[in-house]
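Report on the structure given below.
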Amino acid sequence: MATPAPTNRHSRRREQTRSRIIAAAESLMREQGVDAVTIQDITERADVGHGSFYVHFESKNDVLVPIAQDHARRFSLQVDKLTGGYADPAAAFATNVRHLFRAISGDPLWSYFVFRSGLPNEKLREGIGDVGRRDLEKGRASGRFLIPDVDTVVSFLLGSLVGVLNDVSRGLLDEHAFELAAELVLRVVGIPIEEAAEICSAPLPRLKLVGGTPTSPKVA
């Protein structure tokens, strides 16, 4: 196995500056809300020059991309631990989707990133990740899911996720829509109607969100 080339001093300093900007932006945005924070606020807290910000990011909202990516990465690790022992790919996939709805809607920065950042679709996808790809691939390989192409299902799921979350955030749907949406996706990948409904109505095991708040369906 090849040994990675050592990182030079300039590259280390550059990465450290970028990390300070991201950390400062996240802490300020959580304290004050995204709209209230300026680039000047971020550079002052990060203790970097104004020009250094634009070396790494094009706009304030662009900083939300690595923040959301980090949340998506940690969410994936957490949900993988939660569902690692599941024998049924359909149950693992549904649990992943149901929790992801709640993780995004429950985190102000992740939610802002999806709905209000105005960033192009490719950046939105970077910050949400490939939803349930591994579960979909396992389900397809085992014959549990009847899908010709995983990429198409992932794209379909991302669009559905954003649409449902948007309507929940606007009060047009309640949280029960998360279960129905997961059920509909299971039906799309070939799970029979009754079985999909049973899987998505099962109690959802608690998951510690990226921000540290446990997530589970609200009790009426």
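Normalised by the number of residues in region 16-84, the mean separation of alpha-carbon contacts (under 8 Å, six or more apart) gives a relative contact order of 31 percent.
Solvent-accessible area of Ile67, all protein chains in place: 0 Å² (probe radius 1.4 Å, heavy atoms, ligands and nucleic acids excluded).
Computed with every protein chain present, the accessible area of Arg133 is close to 50 Å² [probe 1.4 Å].
Between Asn121 and His10, the contour length at 0.36 nm per residue exceeds the Cα-Cα span by 36.8 nm.
Counting pairwise Cα distances across region 75-192, what percent come out greater than 20 angstrom?
Values: 2752 of 6903 pairs.
The calculated P(r) of region 75-192 puts 40 percent of pairs beyond 20 Å.
Applying a threshold of 21 Å to the alpha-carbon distances of Lys60/Lys123; Lys123/Lys208; Lys81/Lys138 flags Lys123/Lys208 as lying beyond it. Counting only Cα atoms, the size of region 1-120 along its three principal axes is 52, 46, 25 Å, in decreasing order.
Once you have the Kirkwood Rh of region 124-186 from its Cα pairs, apply Stokes-Einstein at 25 °C and 0.890 mPa s and quote D in µm²/s. The estimated diffusion coefficient comes to 195 µm²/s. When nucleic acids and ligands are ignored and a 1.4 Å probe is applied, His176 ends up with an accessible area of around 130 Å².
Please give the per residue volume of the convex hull enclosing the alpha carbon atoms of the chain, rounded to a whole number of Å³. Before the final figure, lay out the partial values.
On the way: hull volume 33.6 nm³, N = 220.
In the chain, the Cα convex hull volume per residue is 153 Å³.
Could you work out the relative contact order of region 75-209? I mean the mean sequence separation of Cα pairs under 8 Å and 6+ apart, divided by the number of residues, in percent.
Numbers: 109 pairs, mean separation 44.7, N = 135.
Answer for region 75-209 is 33 percent.
Could you state the angle between the C-alpha long axis of helix 176-188 and the longest principal axis of the C-alpha atoms of the chain, as a value from 0 to 90 degrees rounded to the nearest 10? Relative to the chain, helix 176-188 is tipped by roughly 70 degrees. Principal-axis analysis of the Cα atoms of the chain puts helix 89-105 at an angle of about 40° to the longest axis.
The values are calculated or read from the model by the stated rules, or taken from the named source; none is laboratory data. Model, not experiment: these values are computed from the prediction. What goes into the accessible areas is simple: the full protein's heavy atoms, side chains included, and nothing from ligands, DNA or RNA. Shrake-Rupley method; radii C 1.70, N 1.55, O 1.52, S 1.80 Å.
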